[in-house]
Amino acid sequence: MPLHAICLDLAGVLYQGPRLLPGALEALDTLRATGLPLRFVTNTSQRNRSQILNDLASLNLAVDEAELFTAPQAAHDYLTRHNLTPYCLFHPNLKEEFADLQGKQADAVLLGDAGKKFSYDHLDQAFRLLHDGAPLIAIGENRYYQLDDGLHLDAGPFVRALEYAANCRAIITGKPSPAFFEQVLADLGTRPENTLMVGDDVHGDVEGALNSGMQACLVQTGKYRPGDEKSIAGEFRLETDISAVAQLLG
């Protein structure tokens, strides 16, 4: 199937924490030289959009603002379309991105990677709203993420806990939601079968892309662990890192 566009995850693919992954700059140059449009799609919910762009610039990764798609922005768009006021259980860095939706009594729960805000009191308040019928909007459902010192719990386990307690199903606005991928594809103007998703998360990136009809590639960096490729069904590429992907496509 011919390739018309490429989508790249950020953390674990191009960088890890505050440092570039080996060969990432050269790989990105190679991918841009193909002439294929690129989009950078991330579920990161500990950094707001401006911070992500600044982080990319500090690493000399040339990414235009229009090329960046974030799960928090998708969550904001969903809440706005449905005229919902969220009870926000997420990282303080996201507060300014949702400031315009505050002020009324909360009639929805918005959950992201809240870090230390995942306390009993905060989760209990979210549960009570959900039990009274408020919808649960989750920025993502990733199980864990990778830092230099190893793996850490992401928001997914807390999404599942609230779903179980309140007997509800979360609306996922980021990866692996088909709606999120559809938004990126609409911006690219490409068909899913002609668009490649490259990521280190076998479920959020690869399985999500496959379920949306896209091509997919799993890189063995970031949160990847040996055997991840055996945990899902479907055909996809497995490459050592973003440099190998660039060599394959360049």
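The values are calculated or read from the model by the stated rules, or taken from the named source; none is laboratory data. Predicted model only: the values in this text are computed from it and were never measured. Cβ atoms come from the backbone with ideal geometry, glycine included; neighbour counts cover every protein chain shown. Keep in mind that these areas ignore ligands, DNA and RNA; they rest on the heavy atoms of the full protein, side chains included. Shrake-Rupley method; radii C 1.70, N 1.55, O 1.52, S 1.80 Å.
Before moving on, here are some points about what is shown:
- Residue 195 long-range amide H proximity, modeled H, under 5 Å: 4, 215
- Beta-bridge orientation, the chain: approximately 20 percent antiparallel, per DSSP, counting only bridges with both partners inside.
- Using a cutoff of 8 angstrom between alpha carbon atoms and counting only pairs six or more residues apart, the relative contact order for the range 107-250 works out to 17 percent.
- Scanning residues 5 or more positions from residue 201 or on other chains, those with amide H under 5 Å from its amide H are 206, with H placed 1.01 Å from N in the peptide plane.
- The chain, accessible area per residue, ligands and nucleic acids excluded (1.4 Å, Å²): 47
- Relative contact order [Cα under 8 Å, 6+ residues apart], the chain, whole percent: 23
- Put a dot 7 Å past the Cα of residue 33, heading toward its Cβ, do the same for residue 51, and the two dots end up 3.5 nm apart.
- If only the Cβ of Lys and Arg carry +1 and only the Cβ of Asp and Glu carry -1, the dipole of the range 1-152 around its Cα centre is close to 140 debye.
- Cα pair count fraction exceeding 16 Å, expressed as % - the range 90-182: 57
- Each principal axis of the Cα cloud of the range 73-124 was evaluated for its coordinate range; sorted largest first, these ranges are 29, 20, 16 Å.
- Phi-based couplings in Hz for the range 127-141 (Karplus 6.51, -1.76, 1.60; Gly and Pro marked x): 4, 5, 5, 5, 5, 7, x, 5, x, 9, 9, 10, 5, x, 9
- Percent RCO, i.e. relative contact order, over the range 48-148, from Cα pairs under 8 Å lying at least 6 residues apart: 26
- Phi angles of the range 234-249 translate, via the Karplus equation with coefficients 6.51, -1.76, 1.60 and θ = phi - 60°, into HN-Hα couplings of x, 9, 7, 7, 10, 10, 5, 6, 5, 5, 5, 5, 4, 5, 5, 9 Hz per residue; Gly and Pro are given as x.
- For the range 41-57, Karplus couplings with θ = phi - 60° (6.51, -1.76, 1.60), whole Hz, Gly/Pro x: 10, 9, 9, 3, 10, 9, 10, 7, 4, 4, 5, 4, 4, 5, 4, 4, 5
- Alpha carbon Rg of the range 1-43, scaled by the compact-globule rule 2.2 N^0.38 Å: 1.22
- Helical mean residue ellipticity (222 nm; -39500 (n - 2.57) per DSSP H run of 4+; nearest 500) of the chain: -9000 deg cm²/dmol
- Computing Cα Rg over 2.2 N^0.38 Å directly from the structure and comparing it against (i) 0.99; (ii) 1.88; (iii) 0.94 singles out (i).
- Among the protein heavy atoms of the chain, carbon and sulfur supply 50% of the accessible surface, probe 1.4 Å, non-protein parts ignored.
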